[in-house]
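One structure is given here, and the rest of the page talks about it.
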Amino acid sequence: MYYIGIDLGTSAVKLLLMEESGKICNIVSKEYPLYFPHPGWSEQNPSDWFEKSMEGMKELTAGIDRSQVAGIGFGGQMHGLVTLDKEDQVIRPAILWNDGRTGEETDYLNQVVGKDKLSAYTANIAFAGFTAPKILWMKKNEPDNFAKIVKIMLPKDYLAYRLSGSFCTDVSDASGMLLLDVKNRCWSEEMIRICGITREQLPKLYESWEVVGTLKPELAAELGFSPEVKIVAGAGDNAAAAVGTGTVGDGQCNISLGTSGTIFISSKEFGVDQNNALHSFCHADGSYHLMGCMLSAASCNKWWSEEILGTKDYGAEQAPIKELGENHVYFLPYLMGERSPHNNPDARGVFFGMTMDTTRADMTQAVLEGVAFGLRDSLEVARSLGIQIERTKICGGGAKSPLWKKMIANIMNLKVDVLEVEEGPSLGGAMLAAVGCGAYPDVETIGKKLTKIVDTVEPEPALVEKYEARYQKFRELYPTMKPLF
């Protein structure tokens, strides 16, 4: 049997076809537009997601016996607000995770409702990208649209709804809405009241591997699939990527160097750090995870290389970088504001320490190191909770750079395990579909069976020591700059 994983990303949908054995048969990507109607706003049309996913599934399964497709699972960009009216029409473009318009609403939640209450209700505090502040923004700024809302859902759940008719979400993705009681894996009645919505407007909650329905007959006919194809709830992109990298069970770590950057630590136990600097979310394996999320990671390098240097040859830009731990230039990677651990949408990117002998390579090196230092900030919060991490898996586009992996290993003093296959959320979605269809007993089993480590980047004690001194200086830059932001 075959399983499809759909990773609904910010710039494209990536679809993956997997056999029951874990063999990847095909991968297809389909891009769609991203809209910035005002500075700091970020929106997409949900219909684009559905159309490109349908196109992608046709292309993905060309040349196979389509009757053998058993299940479809998802990984999806988190936090986005999708609203439907009584006719099931999208009311307004989806407001995305990297949208910064909700400063007032975020402040209201954190300062007026209060961080202590939010943490008690949801295990998290408000961040500008979360869904609840978006709902409050819509209520205040678009009251006519707000009054039309019948269904509130997350991006990947819109796909599940269009494919199956099931109004659903999973607990890992719902954890990023600021509407879920994470510890008890249920909606928070207090947050529903604060946002001025009703329980009926929110989807039914599932675990990530659970079947939410079957493919609509007319879509099955269009795709050439059986109408018995199971639609599985799926997971938020980071939890899905963690499944795809085998970061399941207790005390596992994964670092993702994608558009955004994350450090993801799985845990059997529910836990919250004192300052809510890390997100405390449900995991797709039925347990929990802590996550630090940087809004700009590999996107910093993309911006620097393509917009500033005018090149897409990242390897050529990194080739001259030989001396690590001695760069005198620093970069604060806050091009879109920052989430973990600063929670400051006004933070901005900064180069610091340039002199007349600073080279292009020094600046490139500073960008890569700045992202690694930013991830280390979140790791330090986890360490403050007594969590001991000695090694991490790594995924995302940035993980293709040997230099960046070496920096991560030495700046964070972690062994960095490189996987044979690294396909992130799309693979995780397919694996969740396989569990939902009964091919594997649980997520932990498939996660450990289908992931294979082929290389480990070891930290070097002398370099760790050099980077420790650089990191301590990096730590001083943000609080010094903060009043200027």
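The values are calculated or read from the model by the stated rules, or taken from the named source; none is laboratory data. All values derive from a computational prediction rather than experimental measurement. Please note: Cβ atoms are built from the backbone with ideal geometry, for glycine as well, and neighbour counts cover all protein chains shown.
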For this session: Determine if the range 36-53 includes at least one residue that is loosely packed, with under 15 Cβ neighbours inside 10 Å and touching a residue at least 60 places away in the same chain (Cβ under 8 Å).
Result: yes
Exercise. Would you call Arg376 within 22 Å of Glu326 (Cα to Cα), within 21 Å of the chain's Cα centre (by Cα) and among the basic types (Lys, Arg)?
Worked result: yes
Seminar exercise, completed: The lone condition Asp250 fails out of (1) without any contact (Cβ under 8 Å) to a residue 60 or more places away in the chain; (2) in contact with a Phe, Trp or Tyr (Cβ under 9 Å, 6 or more places away or on another chain) is (2)
For this session: Answer yes if at least one residue in the range 48-66 is under 14 Å from Tyr2 (Cα atoms) and in a strand (DSSP E or B), and no otherwise.
Result: no
Problem set entry | Yes/no for Arg376 being in the same structural domain as Leu484 (by TED's automatic domain parsing) and in a loop (DSSP other than H, G, I, E, B) | no
Problem set entry | Wholly within the range 411-485, helices (runs of 4 or more DSSP H) carrying at least 1 residues that are aromatic (Phe, Trp, Tyr) | 461-481
Exercise. For Ala284, all conditions in the list (1) surrounded by fewer than 24 Cβ atoms within 10 Å (Cβ to Cβ); (2) in a loop (DSSP other than H, G, I, E, B) hold save one; what is the number of the exception?
Worked result: (1)
Problem set entry | One residue from Asp116, Asp157, Asp99 being outside any helix (DSSP H, G or I) and in the same structural domain as Pro227 (by TED's automatic domain parsing) | Asp99
Seminar exercise, completed: Filtering the range 28-46 for residues that are on the phi < 0 side of the Ramachandran plot and touching a Lys or Arg at 6+ places or on another chain (Cβ under 7 Å) leaves a count of 4
Problem set entry | Among the residues listed as Thr83, Thr102, Thr131, Thr106, the single one being among the β-branched types (Val, Ile, Thr), under 21 Å from Gln44 (Cα atoms) and in contact (Cβ under 8 Å) with a residue 60 or more places away in the chain | Thr83
For this session: Return only the number of the condition from (1) farther than 24 Å from Pro461 by Cβ; (2) touching a strand residue (DSSP E or B) at 6+ places or on another chain (Cβ under 9 Å); (3) surrounded by 23 or more Cβ atoms within 10 Å (Cβ to Cβ) that Ala366 does not satisfy.
Result: (1)
Exercise. What do you reckon, is Ala240 in contact with a Ser or Thr (Cβ under 8 Å, 6 or more places away or on another chain), part of a helix (DSSP H, G or I) and buried (at least 18 other Cβ atoms within 10 Å of the Cβ)?
Worked result: yes
Problem set entry | Per-region count, the range 202-237, residues assigned to a strand (DSSP E or B) and within 17 Å of Gly447 (Cβ to Cβ) | 3
For this session: Kindly indicate which of Ile389, Ile408, Ile394 is in contact with a strand residue (DSSP E or B) (Cβ under 8 Å, 6 or more places away or on another chain), surrounded by 16 or more Cβ atoms within 10 Å (Cβ to Cβ) and either assigned by TED's automatic domain parsing to the domain that holds Cys25 or in a loop (DSSP other than H, G, I, E, B) (or both).
Result: Ile389
Exercise. Can you name the condition, by its number, that Trp41 falls short on among (1) modelled with pLDDT of 95 or more; (2) farther than 19 Å from Glu423 by Cβ?
Worked result: (1)
Exercise. Quick one: in the range 297-346, which of the residues that are aliphatic (A, V, I, L, M) and assigned to a helix (DSSP H, G or I) is surrounded by the most Cβ atoms within 10 Å (Cβ to Cβ)?
Worked result: Ala298
Exercise. What tally of residues in the range 128-154 results from selecting those that are among the small types (Gly, Ala, Ser) and not in a loop (DSSP other than H, G, I, E, B)?
Worked result: 2
